[in-house]
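> What follows is a structure written as structure tokens; I'll ask about it next.
The values are calculated or read from the model by the stated rules, or taken from the named source; none is laboratory data. Everything numeric here is computed off the predicted structure, so don't read it as measured data. Positions of Cβ are backbone-derived with ideal geometry, glycine not excepted, and every protein chain shown enters the neighbour counts. SASA here: full protein model, heavy atoms, side chains in, ligands and nucleic acids out. Shrake-Rupley method; radii C 1.70, N 1.55, O 1.52, S 1.80 Å.
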Amino acid sequence: MSVTYRRIVIKIGSNVITQSDGLPDIARIEHLVTQVAEIKKQGIEVILVSSGAVASGRSLIKISEKSDAVAVRQLLASIGQVKLINIYAELFNKFGILCSQVLVTKEDFRDRLHYLNMRNCLTILLQHNVIPVINENDVVSVTELMFTDNDELAGLIAAMLNADALIVLTNVNGIYNGDPKLPGSSVITEIKGGELNFASFVSSGKSQFGRGGMITKSNIALKTAQLGIAVHIANGTTGNILSNVLTNKAEHTRFVPVKVASGKKKWIAHSENAAKGIVKVNEGAKAALTSNKASSLLPVGITTVLTDFKKGDIIKILDENDKVVGIGIAEYGSDKARERVGQKNQKALIHYDYLYLQ
Ligand SMILES: Nc1ncnc2c1ncn2[C@@H]1O[C@H](COP(=O)(O)OP(=O)(O)O)[C@@H](O)[C@H]1O
Ligand SMILES: N[C@@H](CCC(=O)OP(=O)(O)O)C(=O)O
């Protein structure tokens with residue numbers, strides 16, 4: 001195997017490890033665990049993000065059709081996660097590898113304190129040669145505050161841990177330029193930058209047990225690649241897929257990593273939902289921010305301060321058409337920002353080092 005990665009996040013979709021009758025596909029999980037053990041033997045750190053709790057719970061219990069959908073998700077995830085993690089633990093044990101269960105909610109990433117706490121937790125697991133098996137905690141997550149799906153969570157983890165690559169295993173060979181089931185469609189093998197409008201050829205449909213679908217996967221992959229992390233979307237139902245992706249022998253979609261962003265920028269990139277403030281900028285400011293030159297956001301280009309915020313808060317920058325241009329950390333509060341709107345020679349509201357552009 002010829003790999004140059006030192007740290008990889010591998011996301012395994014529900015469909016990859018669930019049989020059509022809903023039972024966990026133990027043979028497939030075993031095959032994936034065997035490959036992960038092989039990768040780890042080469043000194044590469046691996047973090048798993050595994051879906052499958054709800055699907056695995058479904059195989060264990062009969063539920064009345066009248067039950068509330070959210071409560072059913074909680075029930076299935078609660079019993080299914082036990083089964084899932086036991087399968088992983090038993091299989092990794094055969095290779096003398098310890099794995100651990102890390103269940104998270106979006107709230108665990110809501111501010112820098114929580115973010116760093118989570119990073120410390122994963123770092124100590126890696127330092128002790130443990131393979132973290134991460135999943136969203138569907139049991140206690142509040143529906144409105146959940147990740148779109150585990151692809152979003154995996155992108156966040158890859159950015160947080162400065163991974164070299166994120167491998168997303170799903171049940172198709174990658175992103176197709178049309179419906180994967182139609183004969184004329186083929187896999188797009190390489191995607192660079194934001195050149196494609198995914199919604200024009202990726203349908204919003206999901207596979208049998210999936211949550212987010214391929215559009216979320218594509219958008220997360222793009223965002224992650226923009227942070228300097230290579231993303232591979234590949235078919236986890238095919239043999240030796242991990243080894244074949246790493247040696248570029250398997251047909252799949254690779255998002256070329258664009259640039260290496262600082263740790264702080266990576267956190268900001270995933271903090272849009274935590275944004276407290278919103279400011280609007282004019283076309284000139286937008287052009288300066290999105291040019292190739294590193295530019296900070298200066299008051300001269302700000303037209304309106306739409307909401308209140310304090311120094312250190314995450315704020316969103318909108319263009320004249322209300323499209324998000326970027327996110328960053330405010331150098332001062334909204335009161336001062338309002339006083340300085342449109343003025344020249346004023347201190348930047350967001351310094352370039354704390355600015356993430358969309
Ligand atoms: N253009 C496309 N290329 C690839 N897959 C697509 C495309 N459009 C829709 N899909 C669907 O997206 C599904 C994968 O997404 P999802 O159901 O979220 O999987 P997972 O459970 O692995 O997260 C595929 O099974 C496929 O049917
Ligand atoms: N946390 C859920 C996974 C939801 C999810 O994102 O699923 P998928 O689209 O298959 O990655 C579970 O374990 O069932």
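> What percentage of the solvent-accessible surface of the stretch 275-357, computed with a 1.4 Å probe over protein heavy atoms, is contributed by carbon and sulfur atoms?
Using a 1.4 Å probe with all protein chains present, the stretch 275-357 comes out at 47 percent carbon and sulfur.
> Around Y356, which amide H atoms from residues at least 5 apart in sequence, or from another chain, sit under 5 Å from its own amide H, with H modelled in the peptide plane?
It is I327, G328, by chain and number.
> Using a 1.4 Å probe and counting only protein heavy atoms, arrange D179, D149 so the residue with the most accessible area comes first. Walk me through the numbers before you get to the answer.
Details: D179 70, D149 10 Å².
The ranking, largest first, comes out as D179, D149.
> What list of ³J(HN,Hα) values in whole Hz, one per residue of the stretch 311-323 in order, does the Karplus curve 6.51 cos²θ - 1.76 cosθ + 1.60 (θ = phi - 60°) give from phi, with Gly and Pro shown as x?
Each residue's phi maps through the Karplus curve to give 3, x, 6, 7, 10, 9, 10, 10, 8, 5, 9, 6, 8 Hz.
> Take the alpha carbon atoms of the stretch 131-189, find their center, do the same for the stretch 320-335, and report the distance between the two centers in whole angstrom.
Taking the Cα centre of each part, the stretch 131-189 and the stretch 320-335 sit 28 Å apart.
> Let me ask something else. Run the dipole for the chain about the Cα centre, Lys and Arg Cβ at +1, Asp and Glu Cβ at -1, nothing else charged, and hand back the magnitude in debye, nearest 20.
720
> Under a crude label model (7 Å from the Cα following the beta-carbon direction), how far is D353 from Q101 in nanometres?
About 4.2 nm, to one decimal.
> Further question on the same structure: Based on the mean of other Cβ atoms within 10 Å per residue, sort peptides 35-42, 291-298 so the most packed one is first.
35-42, 291-298
> Turning to a different aspect of this structure: Mind checking which of V72, A154, H128 is farthest towards the positive end of the stretch 65-161's charge dipole, using Cβ charges of +1 (Lys, Arg) and -1 (Asp, Glu) about the Cα centre?
H128
> Between D111 and T4, what is the label-point separation in nm under the 7 Å Cα-to-beta-carbon projection?
About 4.1 nm, to one decimal.
> Still on this structure, please answer the following. Skip the ligands, DNA and RNA, and give the accessible area per residue of the stretch 275-357 with a 1.4 Å probe, whole Å².
Value returned for the stretch 275-357: 52 Å² of accessible area per residue.
> With +1 on the Cβ of every Lys and Arg and -1 on the Cβ of every Asp and Glu, and nothing else charged, how large is the dipole of the stretch 93-242 about its Cα centre, in debye rounded to the nearest 20?
Computed charge dipole of the stretch 93-242: roughly 180 debye.
> Just grab the label-to-label distance for K310 and K344, each label 7 Å out from Cα along the Cβ direction, in nm (one decimal).
Inter-label distance under the simple model: 3.5 nm.
> Against the longest alpha carbon principal axis of the chain, how many degrees, from 0 to 90 and to the nearest 10, is the axis of helix 112-127 turned?
40
> Solvent-accessible area per residue for the stretch 7-261 at a 1.4 Å probe radius, Å²?
44
> Next up: Apply the Karplus curve 6.51 cos²θ - 1.76 cosθ + 1.60, θ = phi - 60°, to the phi angles in the stretch 65-76 and return the couplings in whole Hz, x for Gly and Pro.
Result, rounded to whole Hz: 4, 7, 5, 5, 4, 5, 4, 5, 4, 5, 4, 5.
> Which value at 222 nm does the chain reach when only helices count, each DSSP H run of 4 or more adding -39,500 (n - 2.57), with the total divided by all residues and rounded to the nearest 500 deg cm²/dmol?
It comes out at -10000 deg cm²/dmol, rounded to the nearest 500.
> How big is the charge dipole of the stretch 272-320 about its Cα centre, in debye rounded to the nearest 20, if each Lys and Arg gets +1 on its Cβ and each Asp and Glu gets -1 on its Cβ?
Dipole of the stretch 272-320, to the nearest 20 debye: 180 debye.
> Farthest toward the dipole's positive end in the stretch 275-357, which of T307, I350, A287, given Cβ charges of +1 (Lys, Arg) and -1 (Asp, Glu) about the Cα centre?
It is I350, whose Cα lies furthest towards the positive end.
> Looking at the chain, send over the antiparallel percent of its DSSP beta bridges, to the nearest 5.
Here the share of antiparallel DSSP bridges comes out near 35 percent.
> Once the principal axes of the Cα atoms of the chain are found, what is the range along each, listed largest first in whole angstroms?
The Cα atoms of the chain stretch 65, 44, 44 Å along the principal axes, largest first.
> Rounded to whole Å, give me the distance from the Cα center of the stretch 69-123 to that of the stretch 234-251.
25
> Now for a separate question. Would you mind checking which residues have amide H under 5 Å from Y176's amide H? H placed 1.01 Å from N; only 5 or more apart, or other chain.
For Y176, the qualifying residues are I188.
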